[in-house]
Structures are given as structure tokens and as C-alpha cells.
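See below for the structure under consideration.
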Amino acid sequence: MKAKTIYRCTECGYEALKWMGRCSECGAWNSFEEVIVSSNKRNVISSVNEIKKTSAKALKLANIEVGKNQRILTGINEFDRVMGGGIVKDSVTIVTSPPGGGKSTLTLAIAAEIAKQGKKVLYATGEESDSQIKNRADRILEQINENIWIIADASLNNVLAAITEIDADLIIVDSIQTFTLDEFLPARAGNPTQTMECANVLVQCAKNKERQRAIILIGQMNKNDEMAGLRSLEHLVDTVLFMEGNHEEELRSITATKNRFGSTGEMGFFTMTEKGLISIDNPSEYFITKREKNEVVSGSTITVIREGSRPVISEIESLVSNSFTPYPSRICEAMKKDQMNTLISILEQKGKISLYDKNVVIKTTGGIKLKEQAVNLAVIMCIASSVYNKAIPWDYAFIADVGLTGELKKVPSMESRVKELDRMGFVKVFIPQNSMRKIALQNIEVIECKTLIQVITYCIGKK
């Protein structure tokens, strides 16, 4: 066996025989690290017949038995829903977020809930001391369960020994980029080789048929808001969860971008408090302002967005004021500025409302992002309400895209959106013509319109 040295980019994994200042693959500067590898030509297999048999055998898919109780419910409703119904017992999940996003707080809360069920949990940390974890636990947990163990050691070999000694059911690794294997010691922690080999060992540990374990990895983010390291890490694990939310804000969201045991795109909502993350089990109540039935304000409309498979009622607010500068302000943190400017142009040309000398500010209650075209009609009506200082009834809602022609366009999953409004007690919803099938509704009246001007005339009375 002969050792040789190569240079590998820590950003994209590109390998070169000599050091380069700039990666020719991804363009990153000063990203190459020296890696010692070994080559063994005797491992080359010349034919299929030379492959040695192992204990693994091919089985008929129809004959494979699946256990009925393969998931562990954490009791944190939003997390369990995003995971597809809890943590699968032999799965590997990776959670990542910007610094201060709450990933360590979330995983510690998960550890506490699972420990209450009598299962053993090992929390392995390579970047914090055991006393730091204890201080966080004292702050966010009502009581520290005896089934939670802590190991503060960056050596994964020691962590694996602790897993066997404790016989842990759930292992939390915080964070995967800080651990090393003794077999690859020339490579430092965070090196792509170390990170991938550590992850490979943990996957084998989780999927051991003789003793299945659930593992949650915490992953660091780079400056581009992507998971640090090679993309192969995301392919290796079963579930990838991204946490979003500014550390200065209360709202946090968690999204499954990959899930082998459930649907992707599911999103859960939490609020960050002094006692940790609190699950928002009914987001439709959280993202609207509670008002009395006879209390109405101008510049406020209701729409329904979809986060994964779930409809969420959201409130949009706008403020329109006179501008005393040649270039009026257009401010909106909830949606892209280009989308906002397009809607303002449609309102001016097709809605006959002049805004060339007006400042326009748009925001959402709770800070939720407007990523769908289904919110466009609600945004336009919100601005129109503010321009004329005429309130739209609090129990009206708007679900439609608006074309450049001023026509209302269909959006997906209209039935589920309208059902959510009906459940929450809204009385009227404005949608495009022929955009939904007839369904049984108890409270809400569906008003189908063809153009934007029809909606403005109905709600505001201006032509």
C-alpha cells in the first residue's frame, strides 16, 4: 500500500494533484486542503466472479416484512408532522440552520421528549462543553430526565464506544463537521473526508439490523446559507431539515427538503421563547390579527398560502403614502421586490389606480414569506384598500394569481384553501372563474370573478 498526497476543495470536493489558489470547478479562493490518501491496486476486481460472497442475500420485495411500530413520536407536533409522523427508528436525519437558528435547542427538546418515553438518548457534542449543554437544558427543560447522557468529545471513536456502552436508542451529534475518526487523523475536523467518513460510520450504526438506532446530525451552514461540506452528505442521510428564521425574530420554521419516509416541502412553525421552541399547532390563527366582528381597518386583506401539504391563512397589510421624492419607495420584506413592482404596475394599468407618486409598504402578520402566485390578488386588493382608505371586511379572503391582462388566474389546491377558510369562519372568498370543483361548505360563499376590476368594484366600489 502506497500513500500519496492530493489537494481537495473544501467547498465542492474537486480534487487536484497540486495546490491551487482558486478552484477551477466552483471558483472558491484558498479552499484547497492537503489530503493523504492510499492506493491499493490489489483491490481491483477483474470480473464479477471474483467478488466474495457476504451474509447479505437478495430478497423478494413482496416477502419483506415491515414493522408496524417503526416510528418514535416526539410529542412536538410540528416536528413530527414535518418528519412524516415521527422519527423512524433506523433513520439518519440532518438538521441545519444559520447560527442562532435554534437547531441545538430543538434537538435538546426532542431528546427530553424521547427520554420521557423510557428510551435512552446520547447527546454528543464536538463544539460545546458538557456544562454549556447543561446550562441550556436548565433553561429550556422543566426537568432533566435520567435517560439523557452527554459526551463532549470530538473523537467519533469515543462516541461510538459510548453508544455501545449506554445502548442508546437516539443519538444526537452536534455538529457533524466537528468530529473526527482516528483512522483519518491527518485530515482535520471539517475536512470533507472526515465529515463523510464520520457520517458513513453513523449511517451503518443506525441501520444495523441487530440493533437499530435513530440518529440526528446537526449540520453547519456556510456563508451562502447552504450546508457546509459536500452535497454527498445530503444524499447519504434519510432526511434533510432546514431551519429558517432570524435570531432576532420570534418566528422559526423548519422545512423537509428531503424525506425518504414522508413528503418533502412540509413546513412546521415554532416561536422562540426563553423556554425554547414552542410548536405553533394552528398557524392560521398565528398569522392573522384577531379583531372584533365590527372592527375593520383599511389596508388589510386575507389570503391562503400552502406550506407543504397544509393550507395556512395569512394576513397582508399595506401602507400607501404620498411621496415627496422623484422615486417613490417600494418596501416589502415578505416577497420579492420585482414581484411587488409587477403587481403595482398591474394595479395602475388594469385597476385604474395611480401610484406613480405614492410610497408603498407591504408586510405580513407574523413575518411569513409570500412565495406563491396565489397571494397576488390579496396583495393588490390590500394596496387598493389603503389607497382609498376603505376597509375590506375582515371575513373576506382573496385567492388568485393576476395576469398582466388584469385577468384572474387559477392556482393549485384551491379546494383545500377554501376549506381552511370555511373552517376558520370566513364568509366570502374571491377566486377565478371555473377554478375549483363544487364541494360541501358550511359558512363561506365562493365568488368567482373574471377580472381584477370586478373584484375592486365589488369590494371597494371604485371603477
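Consider residue 278 carefully, then state whether it is free of Cβ contacts under 8 Å to residues at least 24 places away in the same chain, aliphatic (A, V, I, L, M) and either open to solvent by 60 Å² or more (accessible area, probe 1.4 Å) or closer than 26 Å to residue 410 by Cα (or both). So residue 278 passes the test.
Regarding residue 353, is this residue in a loop (DSSP other than H, G, I, E, B), more than 26 Å from residue 283 (Cα to Cα), at pLDDT 90 or above and out of contact with any Ser or Thr (no Cβ under 9 Å at 6 or more places or on another chain)?
Details: in a loop (DSSP other than H, G, I, E, B): yes; more than 26 Å from residue 283 (Cα to Cα): yes; at pLDDT 90 or above: yes; out of contact with any Ser or Thr (no Cβ under 9 Å at 6 or more places or on another chain): yes.
Spelling it out, residue 353 is indeed in a loop (DSSP other than H, G, I, E, B), more than 26 Å from residue 283 (Cα to Cα), at pLDDT 90 or above and out of contact with any Ser or Thr (no Cβ under 9 Å at 6 or more places or on another chain).
Restricting attention to the stretch 385-413, the residues being touching a Phe, Trp or Tyr at 6+ places or on another chain (Cβ under 6 Å) and part of a loop (DSSP other than H, G, I, E, B) number 1.
Scanning the stretch 226-237 for residues that are buried (at least 20 other Cβ atoms within 10 Å of the Cβ), on the phi < 0 side of the Ramachandran plot and in contact with a strand residue (DSSP E or B) (Cβ under 8 Å, 6 or more places away or on another chain) returns 227, 228, 233, 237.
Going by what's in this entry, would residue 363 be described as open to solvent by 10 Å² or more (accessible area, probe 1.4 Å), charged (D, E, K, R) and outside any strand (DSSP E or B)? The answer is no for residue 363. Of note, residue 344 satisfies the criterion of being assigned to a helix (DSSP H, G or I), in contact (Cβ under 8 Å) with a residue 24 or more places away in the chain, β-branched (Val, Ile, Thr) and buried (at least 19 other Cβ atoms within 10 Å of the Cβ). Got at least one residue in the stretch 164-181 being β-branched (Val, Ile, Thr) and surrounded by fewer than 17 Cβ atoms within 10 Å (Cβ to Cβ)? Within the stretch 164-181, one or more residues are β-branched (Val, Ile, Thr) and surrounded by fewer than 17 Cβ atoms within 10 Å (Cβ to Cβ). Of all residue pairs spaced 6 or more apart or on separate chains, those with beta-carbon atoms under 6 Å, a first member in the stretch 109-121 that is over 11 Å from residue 146 (Cβ atoms) and a second member that is open to solvent by 10 Å² or more (accessible area, probe 1.4 Å) and among the small types (Gly, Ala, Ser) are 113/75.
Residues of the stretch 290-316 that are open to solvent by less than 50 Å² (accessible area, probe 1.4 Å) and without any contact (Cβ under 8 Å) to a residue 12 or more places away in the chain: none at all.
Out of the stretch 120-133, which residues are under 27 Å from the mean Cα position of the chain (by Cα) and either farther than 22 Å from residue 80 by Cβ or among the charged types (D, E, K, R) (or both)?
Listed by number, the residues that qualify are 124, 125, 126, 127, 128, 132, 133.
Take the conditions under 24 Å from residue 310 (Cα atoms), out of contact with any helix residue (DSSP H, G or I) (no Cβ under 7 Å at 6 or more places or on another chain), open to solvent by 40 Å² or more (accessible area, probe 1.4 Å) and not in a strand (DSSP E or B) and apply them to residue 223. Does it pass? No; evaluated as a whole, the condition is false for this residue. Looking for something among the polar types (S, T, N, Q), assigned to a loop (DSSP other than H, G, I, E, B), at pLDDT below 90 and open to solvent by less than 40 Å² (accessible area, probe 1.4 Å) - is there at least one such residue anywhere in the stretch 132-152? Within the stretch 132-152 (the criterion being among the polar types (S, T, N, Q), assigned to a loop (DSSP other than H, G, I, E, B), at pLDDT below 90 and open to solvent by less than 40 Å² (accessible area, probe 1.4 Å)), the answer is no, since none of the residues qualifies.
The one condition from (1) within 19 Å of residue 317 (Cα to Cα); (2) under 30 Å from the mean Cα position of the chain (by Cα) that residue 403 does not meet is (1). Of all residues in the stretch 318-341, those satisfying the criterion of being within 23 Å of residue 268 (Cα to Cα) and either in a strand (DSSP E or B) or open to solvent by less than 60 Å² (accessible area, probe 1.4 Å) (or both) are 334, 335.
As a summary of the residue check, residue 218 satisfies the conditions (1) open to solvent by less than 40 Å² (accessible area, probe 1.4 Å); (2) more than 28 Å from the chain's Cα centre (by Cα) except for the one numbered (2). With respect to the conditions (1) of a type in the set (D, E, K, R); (2) modelled with pLDDT of 90 or more; (3) more than 25 Å from residue 84 (Cα to Cα), residue 223 falls short on a single one, namely (2).
Once the stretch 366-396 is narrowed to residues that are buried (at least 17 other Cβ atoms within 10 Å of the Cβ) and among the polar types (S, T, N, Q), the residue that is nearest to residue 414 (Cα to Cα) is 376.
If you go through the stretch 414-454 and keep only what is buried (at least 16 other Cβ atoms within 10 Å of the Cβ), part of a loop (DSSP other than H, G, I, E, B) and either of a type in the set (Gly, Ala, Ser) or in contact with a Pro (Cβ under 6 Å, 6 or more places away or on another chain) (or both), you end up with just 435.
The values are calculated or read from the model by the stated rules, or taken from the named source; none is laboratory data. Small disclaimer: the values here were computed from a predicted structure and weren't measured. Reconstructed Cβ throughout: ideal geometry from the backbone, glycine too, with neighbour counts over all protein chains shown. Please note that ligands, DNA and RNA were not included when accessible areas were found on the heavy atoms of the full protein model with its side chains. Shrake-Rupley method; radii C 1.70, N 1.55, O 1.52, S 1.80 Å.
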